[in-house]
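The values are calculated or read from the model by the stated rules, or taken from the named source; none is laboratory data. None of the values given here were measured: they were computed from a predicted structure. Cβ placement follows ideal geometry from the backbone for every residue including glycine, while neighbour counts extend to all protein chains displayed. We work out accessible area using only protein heavy atoms, side chains counted, and drop any ligands, DNA or RNA first. Shrake-Rupley method; radii C 1.70, N 1.55, O 1.52, S 1.80 Å.
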Amino acid sequence: MNTLQKLAGTPIWLAVPAFAILLAIFGIPMVLLFLISLDAPTFSVANYQAFFGHGANVRVLFQTIEVSLVATTLCLIIGYPAAYLITAVSKGLRTTLVVLVVIPYLTSFLVRTYAWIVILGDRGLINNVLRDLGLISSPLQLLYTRMAVYLGMVHIMLPLMILPLVSVMLGIDKSLMAAARSMGARPFAAFWRVFLPLSLPGIRSGSLLVFVLCLGFYITPAALGGLRDAMLSTFIAAQVETSFDMARTATSAFVLLGIAVVMLVIFGLDLSGPRGRAARTSWKWVHLFGTPMRYFNEFAAYYRAKYWNASLYHAVANNRWWKISGTVFVLLTMCFLLFPSIVVIIMSFSAGEFLQFPPPGISLKWYRSFFDDPSWTGAALTSIQIGLGVTLLSTIVGTLAAYGLNRTVPRLRSFLTLVVLAPITFPSIVVGIAAYLGLLKFGLIGTKTGIALTHSLGAIAYVLVIVSATLANFDRRLEQAAMSMGAGPLWTFIRVTLPLIRPGITGGALFAFMHSFDEVVKTSLVSGVSIRTLPLKMWEDMRHEIDPTIAALASLLVLLPVVWLIALYVTWWRSRPSAQRALPEPAT
Amino acid sequence: MQSSQLPAQIEFCSVTKMYGPIPAVSNLSLIVRRGEFLTILGPSGSGKTTTLMLLAGFVTPSKGDILIGGKSVAAVPSYRRDQGIVFQSYALFPHLTVRRNLEFPLEMRGIRSAERAKRVERILKRVHLNDFGGRMPSQLSGGQQQRVALARALIADPPILLLDEPLGALDRNLREQMQVELKGLHKEFGITTVCVTHDQDEALTLSDRIVVMREGRIEQTDAPEVLYDRPATRFVANFLGEANIFENPGFKIQSDVVQPSGTVAMLRPERIGVAAPAAPQHADSDLRQSVTGTVADMIYAGPLRKYHVRAGGDLIVVREHVASGQQIFRPGDEVRLEWLRSDVRFVAA
């Protein structure tokens, strides 16, 4: 009895399955890779010397940092004012705008990359429009340039800059701006002296997140950039494809990881003290990835209106020109975020044979081409199978882990959360190589199980983050109350905890499926030759023959996030203990 | 209080609870008798909530044992203890209606649905919430939520009721009303009740006995009147009501008893009279001590008037009920303070 109770008191063991998967497929292989890069058992830094001794390597390294820096800066320049304007509008409009930012965030990044090919291609939207206007005679080289890389990267990363910024800005008490004004500060001074400093945490976390994720970019630069725009991930992938020289690959992977970690250490960590450090960083990551989820919560909980603050705020910015230019800016940003998806949808109905925009006629032939081709439908089926498997596995394992970690001491929780998040913070190619090595040991390369386990690494992280965020708001006294009324631990969990954290679990499950359904980098490394998932086939086709079949698939994928959002909205809305729902009495 | 004749329902036997190296509760021994309303009073961090959690079974003792009805419960999980608990923020299940909330403890005890419905209706009526069974907790006011929480704790007729700051979230008027209601329910159900609070009014109004805790230890256990009138220590004197402690009075404190060593003299502000220096003496002036001083401050507080008077080395607080025909003193006025020698108490320093 006593031991049972003690176990129930420290349910850290619930996290064991998650960590078992993590260690077997990712943790131990990472250690092995590191040892390989160090020429274990003789131990030398020869591989690293060789890496840095090679001029081309160093050039790619600097290029990676440069591209990431520029993309991050662009995101901040566009994202900060956009976030500011989004927080300034009324609650209803804000919700709409946030949803419009979240939709591209949830859209397959392959689709979004593909959209830029349609827009920038030789017969794409821009070139055709310019030619029709008579401004050019031969197409401009837009695709396969550095500019195309920046466009694509900023387009993909912008939501991840805007969302943390909005969340921090919403937390800033707007009456502070009014107070500054009342003390004689002009609007700009009030902004500069009060608002900007208070929004710095958002700038820092948004920029850090974007920068670190940019460092690991592979697909977008490879698809949109020229040969000279290779990033380190692309370079590593090429190494893997040409010669599977583990030592060289491992070395490059650890160099890439090293930059990411150094950046996190320099900018991410609060240097206020060694004790608070680990806790803060990890929870910041949780916070970042949890951000989109909180928006859904927000529009489920509209009763938390801050009308008073909103009206105070309106008193601050009343100049007409500011309003007009603000509106225009937000509209342009939203267009930039959403327009590519719309272009893809239009493209999918093209009657032409090539990626020609605007299309010469309307037809459904590319949809037919997709559904009639067994290699496409087979890939779709494979992806759905794997996706469902991943969702089931990671939702159960991730929820258990979140519950277990929620009940441990904060320092251990922070550390373990940081560990679980590694598969979504580390560059995908690094995680992919580790997973390759891990699955090789189990003989699971080229199997659906292997792919599902690889996807589960990231999916568990998403489930953990989202369920943890829900659990953090969960009042544990409710469990104590249930226990005091005679409910054992299991009944308490089923009757009280589970119904109350179900929205988080649903959200986590959706993210898990989405992650699996969109994953290509890791999949390409572990899928072997026989298995083709949908994103993998899409990526291969994008590189070789570009025909609008992909557009048909892409526009179907564009609809997915809309479906997700509706599904999430319905679960969350229903779970809200609200006045509208409760009045009719249940017939019991 | 004849409670000492009643059998013990709950016994703490030298219970210690450590959090890391810090004891939250150390070597606590306490007996709660059947049907008694016992309040544990103390400032935050005094270990009172830990004591309640130990009793509820959410926390296990590091040392010592807890007996309920004569049996050790140290290893019994909370869901087998058969207690009703009212939590500080009520902990009503937000996803269940009031009725389903009330049914929950009955369901867990395997009571059939017809019987459950009957008992729910009965208790709803008892707490004056007849028509609220179908509401969600979020649709109730604070006072209504409080009553649902209380009903939910009582519905399964547990032998023990635990209250964690039960009225803390209510505003002043509602709190007084609920105090009366709580007292009525306790009398009606005759249930052994342990209440934790930092609100001394609540403790004085509701309890048969009060335990004052400080830094994980019991400072004093007594009936409310005894506790207020004869505090054992300076801490208790200060924590319950206001107290004048004579640190360095500059005059000899007269008393009918000999001052024990290690104590200081204490006098409640309402036991001191204030008069003009030239005012006639009381008839029983030989039973009284009087000193003169200067008014430093006068505070008007509705039915009361408070003077801070500098006399000797101390600032003496005097509390006087406002009545017509009283002389009102201003800062700087000379006054004579006097009190019955028998009102002086000696408390452990």
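Tabulated data
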item: Within chain A, helix-based [θ] at 222 nm, where runs of 4 or more DSSP H residues each add -39,500 (n - 2.57), nearest 500; result: -24000 deg cm²/dmol
item: Shielding by partners, peptide B:93-101 (average Cβ within 10 angstrom, other chains); result: 5
item: Shielding by partners - mean other protein chain Cβ count within 10 Å, residues of B:76-89; result: 5
item: Inter-label distance for A:A24 and A:I494, nm, one decimal - labels placed 7 Å from Cα along Cα-to-Cβ; result: 2.8
item: Residue-normalised accessible area of the protein assembly as shown, given per residue in Å² at a 1.4 Å probe; result: 44
item: Using a Förster distance of 41 Å, the FRET efficiency for A:I566-B:D157 (Cβ separation, nearest 0.05); result: 0.30
item: Quotient of C-alpha Rg and 2.2 N^0.38 Å, computed over segment A:415-502; result: 1.50
item: For peptides B:298-307, A:328-337, A:398-407, sequence by mean Cβ density within 10 Å, most packed first; result: A:398-407, A:328-337, B:298-307
item: Accessible area in the full protein assembly, largest first, 1.4 Å probe, for A:F517, A:F34; result: A:F34, A:F517
item: Alpha carbon convex hull of chain A, projected area averaged over orientations, nm²; result: 32.8
item: Alpha-carbon centroids, segment B:116-140 and segment A:128-152: separation in whole Å; result: 70
item: Per-q log10 I(q)/I(0), segment B:3-238, q = 0.09 Å⁻¹ (Debye; single scatterer per alpha-carbon; no solvent); result: -0.38
item: Other protein chain Cβ atoms within 10 Å, averaged over every residue that makes up B:146-158; result: 1
item: Virtual spin-label span in nm between A:Q49 and A:N128, 7 Å along Cα→Cβ; result: 5.7
item: Helix runs (DSSP H) in chain A reaching 24 Å along axis by Cα, Kyte-Doolittle at least -1.0; result: A:55-88, A:146-170, A:196-215, A:246-263, A:274-300, A:320-348, A:374-406, A:448-472, A:498-518, A:549-575
item: Relative pair counts by distance (%), Cα atoms of segment B:120-244, 10 Å bins; result: 11, 39, 31, 14, 5, 0
item: Distance between modelled label sites at A:T377 and B:H282, nm, 7 Å Cα→Cβ extension; result: 10.4
item: Mean ellipticity per residue at 222 nm, deg cm²/dmol - from DSSP H runs of n ≥ 4 across chain B, formula -39500 (n - 2.57); result: -7000 deg cm²/dmol
item: Share of carbon and sulfur in the accessible heavy-atom surface of the protein assembly as shown [1.4 Å probe, %]; result: 63
item: Heavy atoms of B:E219: accessible area, 1.4 Å probe, square angstrom to 10; result: 50
item: Kirkwood hydrodynamic radius (C-alpha pairs) into Stokes-Einstein, segment B:18-115, 10 °C and 1.306 mPa s, D in µm²/s; result: 100
item: 15 Å beta-carbon shell around A:I384, net charge (K/R +1, D/E -1); result: +1
item: Neighbourhood net charge (15 Å Cβ-Cβ; Lys/Arg +1, Asp/Glu -1) for A:W322; result: +4
item: All-pairs Cα distance distribution in segment B:243-348, expressed in whole percent, bin size 5 Å; result: 2, 12, 23, 26, 20, 11, 5, 1, 0
item: Area buried, chain A against chain B - accessible surface, total, 1.4 angstrom probe, square angstrom; result: 2900
